[in-house]
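Here the structure is laid out as structure tokens; the discussion comes afterwards.
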Amino acid sequence: MDFHMRLPRSKKEFALFMGIISIISVNIIAPLITCFEFGFHLYVWRDVLTILPFLWLAVISLVLLTYKPSEWLTHKIVSQGDSFRAVVTVNILCCVLLLSICLTVIGTWIGGRHISMEPIRLFFYKWPRNFAISLGVEMLIAQPIARFVMFKYHQYADAKANRPAEAVKQGSFEAVLSKIKALFLSLSRKKEN
């Protein structure tokens, strides 16, 4: 039931799910990593905000590129009868592992606005911190929010699909307008009396 209600069912839902996760993650992870590296100052945070759109595009591209490898890795670790939480936790771990490896280098290039060997040379110094921050944000903030949005969306869509025709008509725009009109008419009659 959780797989059906809390995860995307279509490509449109996958785009919404990925959009929610990526926007939350980029807006939390990038400033945190940068501030840990350069200090918690307002000018550092402001500088990060200028590169967030470019970083977000890189994250979306890398998520699409690493989606299949992380799914393959997840299925190598979990078995058929594992619980929803176990599968989701392992999937988050695999996705964050692959993305943090790539973004430790690419994110530094985007943030520094130039390509150099420094992020590769300092990779094993920076990557564990980046991985830990990313894993924490994904597991505790971004993924739970996105799964909750999917759950609510599926509840709404399923309820709408199962409603009888009269209930759908009652929720239509015309029905709402007629109710507002009736309310105004009743209020105007009360004023006259």
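Read the figures in this text as sums done on the coordinates, not as results from a lab. Since the model is a prediction, treat every value here as computed from it, not as a measurement. Quick reminder, even Gly has a Cβ in these numbers, built from the backbone with ideal geometry, and neighbours come from all protein chains shown.
Details
- For the residue pairs Lys68/Lys126; Lys12/Lys76; Lys12/Lys126; Lys12/Lys160; Lys11/Lys68, the alpha carbons lie more than 24 Å apart in Lys68/Lys126; Lys12/Lys76; Lys12/Lys126.
- A straight chain from Tyr125 to Ile141 at 0.36 nm per residue would run longer than the Cα-Cα distance by 3.2 nm.
- Each residue of segment 143-155 was assigned a 3J(HN,Hα) from its phi angle through the Karplus curve 6.51 cos²θ - 1.76 cosθ + 1.60 (θ = phi - 60°); the sequence is 5, x, 5, 5, 5, 5, 4, 4, 4, 5, 4, 5, 4 Hz, with glycine and proline shown as x.
- Simple spin-label estimate for Ile101 and Ser186 in nanometres, 7 Å along Cα-Cβ: 6.5 nm
- Counting Cα-Cα pairs of segment 24-149 in 5 Å increments starting at 0 gives whole-percent bin shares of 2, 10, 19, 23, 21, 12, 7, 4, 2, 0.
- Peptide packing: for 5-13, 132-140, 90-98, the average count of neighbouring Cβ atoms within 10 Å per residue gives the ranking 90-98, 132-140, 5-13, highest mean first.
- Evaluating 6.51 cos²θ - 1.76 cosθ + 1.60 at θ = phi - 60° for every residue in segment 15-26, the Karplus couplings come out as 5, 5, 4, 5, x, 4, 4, 5, 5, 5, 5, 5 Hz, glycine and proline recorded as x.
- Loop chymotrypsin sites (Phe, Trp or Tyr not before Pro), segment 37-130 (other Cβ atoms within 10 Å of the site Cβ: 15 or fewer; DSSP): Phe40
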